[in-house]
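A.B. asks: First the structure, which I've put down as structure tokens, then a few questions once you've had a look.
The values are calculated or read from the model by the stated rules, or taken from the named source; none is laboratory data. On a predicted model such as this, the values are computed, not experimentally measured, just so you know. Cβ placement follows ideal geometry from the backbone for every residue including glycine, while neighbour counts extend to all protein chains displayed.
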Amino acid sequence: MKTVIIGAGAMGCLYAAMLARAGKEVWLRVRNKAHADTIRTRGLLIEESDRPWHIPFERITSEPALLGGADIVILFVKAYDTAEALSSIAGIISDKTTVVTLQNGLGNVEHIRRYVPEHQILAGTTAHGANVVSTGHVRHAGVGETVFGPVTAAGKKRVGAVKELFEQAGITATIANDVNVLLWGKLIVNIGINPLTAIMRIKNGQILDYPPLRETMHKIVQEGAAVAAALGVTLPYPDPVRKVEDVCKATAQNISSMHQDIRAGRKTEIGQINGAVVSYGDKLEVPTPVNSMLANLVQTMEQLK
Ligand code: KPL
């Protein structure tokens with residue numbers, strides 16, 4: 001069973017290291033040749049609360065042609081790079097390949113569908129907290145579940161092999177029946193936490209420490225929940241505001257992925273997170289003024305010199 005992980009950010013490196021540690025054949029595909037060379041030379045270093053661990057990692061390349069075929073492809077690139085990533089690795093996908101997206105944001109499945117038949121696609125979320133310290137060096141800030149499921153009923157028979165692969169590597173995995181509900185459930189968490197932590201440059205838990213910020217988070221989440229309801233999506237929890245507060249507490253020490261992007265001067269996933277809520281809101285005539293304002297602010301921050 002050969003697994004190819006696309007993207008060597010925090011999550012890509014973490015999952016690659018865990019699978020390699022379990023003796024699995026796992027490859028990493030990165031865009032940047034210098035990053036590939038660094039990881040091939042130094043291996044992957046994972047810092048955990050008790051102690052760091054290291055694993056040599058030579059199966060990494062920036063050249064898709066060197067990857068050969070793949071049984072499982074796991075996508076961990078930023079959501080705005082999904083289409084490019086898929087077009088670059090189209091050659092390694094056959095009718096046997098299962099493509100798994102565990103990325104943030106909306107729109108990933110729609111991009112993957114253009115290259116891969118629906119019954120070969122699994123989609124889901126990861127609740128692991130991880131930050132990049134330097135190339136191939138990751139701080140594993142929090143252990144969480146990986147939840148995923150098939151995009152269509154015909155994909156059901158593919159979930160078992162992926163769940164087994166994860167579990168053999170110590171990655172706790174749960175199967176979800178309704179992927180749309182799952183993705184919207186995670187989206188609502190991301191719209192409430194990511195832009196506020198990126199703009200204020202704070203850790204996730206600090207949103208709850210400042211009443212005006214906490215109130216703003218409530219408004220963002222209520223708008224998102226109204227859009228989900230208008231779309232006919234029943235969120236996987238009864239009280240969205242409470243859910244986001246719980247995630248703020250559970251990941252209190254995390255630097256959210258959007259905050260990490262802003263810190264590193266990278267483009268963020270704001271378009272696929274709060275921007276996606278605004279787009280659906282516009283189509284469904286559900287007002288989303290707070291999400292829209294935050295999307296504008298984060299987009300401006302990406303451009304600030
Ligand atoms: O998914 C996350 C992210 O940072 O993108 C959360 C859940 C907010 C954890 O940091």
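A.B. asks: I'm told GLY107 meets every condition in (1) at pLDDT below 95; (2) surrounded by fewer than 22 Cβ atoms within 10 Å (Cβ to Cβ); (3) within 16 Å of the ligand (Cβ to nearest atom) except one. Can you identify the failing condition by its number?
C.D. replies: Exception for GLY107: condition (1).
A.B. asks: Do you know which of the residues in the range 265-305 that are aliphatic (A, V, I, L, M) and free of Cβ contacts under 8 Å to residues at least 60 places away in the same chain is surrounded by the fewest Cβ atoms within 10 Å (Cβ to Cβ)?
C.D. replies: LEU304
A.B. asks: Please verify whether ILE74 is out of contact with any Phe, Trp or Tyr (no Cβ under 7 Å at 6 or more places or on another chain), surrounded by 23 or more Cβ atoms within 10 Å (Cβ to Cβ) and at pLDDT 95 or above, treating the condition exactly as stated.
C.D. replies: no
A.B. asks: If you don't mind, another one. Restricting the search to the range 184-201, which residues are within 12 Å of the ligand (Cβ to nearest atom) and more than 10 Å from ASN274 (Cα to Cα)?
C.D. replies: Matches in the range 184-201: GLY185, LYS186, VAL189, ILE193, LEU196, THR197, ALA198.
Listed here are the residues, each with its yes/no results for (1) over 29 Å from ASP239 (Cα atoms); (2) crowded, with 18+ Cβ neighbours inside 10 Å.
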| site | (1), (2) |
| --- | --- |
| ALA79 | no, yes |
| ALA83 | yes, no |
| THR98 | yes, yes |
| ILE121 | yes, yes |
| VAL143 | no, no |
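A.B. asks: A further question follows. Might you check whether a residue that is of a type outside the set (A, V, I, L, M), in a helix (DSSP H, G or I), within 15 Å of the ligand (Cβ to nearest atom) and closer than 13 Å to GLY192 by Cβ occurs anywhere in the range 281-298?
C.D. replies: Checked against the condition, which is being of a type outside the set (A, V, I, L, M), in a helix (DSSP H, G or I), within 15 Å of the ligand (Cβ to nearest atom) and closer than 13 Å to GLY192 by Cβ, the range 281-298 yields no hits at all.
A.B. asks: Considering only the range 216-239, state which residues are part of a helix (DSSP H, G or I), surrounded by 18 or more Cβ atoms within 10 Å (Cβ to Cβ) and either polar (S, T, N, Q) or more than 14 Å from the ligand (Cβ to nearest atom) (or both).
C.D. replies: THR216, GLU223, ALA225, VAL227, ALA228, listed by residue number.
A.B. asks: It is to be established whether one or more residues within the range 240-257 are surrounded by 18 or more Cβ atoms within 10 Å (Cβ to Cβ), at negative phi, out of contact with any helix residue (DSSP H, G or I) (no Cβ under 7 Å at 6 or more places or on another chain) and not in a helix (DSSP H, G or I).
C.D. replies: Checked the range 240-257: at least one residue is surrounded by 18 or more Cβ atoms within 10 Å (Cβ to Cβ), at negative phi, out of contact with any helix residue (DSSP H, G or I) (no Cβ under 7 Å at 6 or more places or on another chain) and not in a helix (DSSP H, G or I).
A.B. asks: Tell me, which residue of the range 184-215 that is of a type outside the set (D, E, K, R) and over 29 Å from GLY265 (Cβ atoms) is surrounded by the most Cβ atoms within 10 Å (Cβ to Cβ)?
C.D. replies: Among residues in the range 184-215 that are of a type outside the set (D, E, K, R) and over 29 Å from GLY265 (Cβ atoms), the one surrounded by the most Cβ atoms within 10 Å (Cβ to Cβ) is TRP184.
Yes/no per residue for (1) in a strand (DSSP E or B); (2) under 17 Å from ILE6 (Cβ atoms); (3) within 16 Å of the ligand (Cβ to nearest atom):
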residue: ILE112; (1), (2), (3): no, yes, no
residue: VAL116; (1), (2), (3): no, yes, no
residue: LEU122; (1), (2), (3): yes, yes, no
residue: ASN131; (1), (2), (3): yes, no, yes
residue: HIS140; (1), (2), (3): yes, no, yes
residue: VAL147; (1), (2), (3): yes, no, yes
residue: GLY155; (1), (2), (3): no, no, no
residue: ARG158; (1), (2), (3): no, no, no
residue: LYS163; (1), (2), (3): no, no, no
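A.B. asks: Would it be correct to say that VAL162 is crowded, with 22+ Cβ neighbours inside 10 Å, modelled with pLDDT of 95 or more and more than 18 Å from the chain's Cα centre (by Cα)?
C.D. replies: So VAL162 fails the test.
A.B. asks: What's the total number of residues in the range 37-78 that are out of contact with any Leu (no Cβ under 8 Å at 6 or more places or on another chain) and either β-branched (Val, Ile, Thr) or assigned to a helix (DSSP H, G or I) (or both)?
C.D. replies: Qualifying residue count, the range 37-78: 11.
A.B. asks: Among the aliphatic types (A, V, I, L, M), farther than 24 Å from MET11 by Cα and more than 20 Å from the chain's Cα centre (by Cα): does that describe LEU235?
C.D. replies: No, not satisfied.
A.B. asks: Looking at the range 263-277, which of its residues are modelled with pLDDT under 95 and within 10 Å of the ligand (Cβ to nearest atom)?
C.D. replies: If the condition is that a residue be modelled with pLDDT under 95 and within 10 Å of the ligand (Cβ to nearest atom), then no residue fits.
A.B. asks: Now, a different point. Taking the conditions exactly as written (within 12 Å of the ligand (Cβ to nearest atom), outside any helix (DSSP H, G or I) and touching a strand residue (DSSP E or B) at 6+ places or on another chain (Cβ under 9 Å)), does GLN260 satisfy them or not? Show your work before the answer.
C.D. replies: On the way: within 12 Å of the ligand (Cβ to nearest atom): yes; outside any helix (DSSP H, G or I): no; touching a strand residue (DSSP E or B) at 6+ places or on another chain (Cβ under 9 Å): yes.
Here the answer is no, as GLN260 does not meet what is asked.
A.B. asks: On the given criteria, is ASP95 acidic (Asp, Glu), touching a residue at least 40 places away in the same chain (Cβ under 8 Å) and at negative phi? Don't jump to the end; show me each part of the working.
C.D. replies: Numbers: acidic (Asp, Glu): yes; touching a residue at least 40 places away in the same chain (Cβ under 8 Å): no; at negative phi: yes.
So ASP95 does not fit the description; no.
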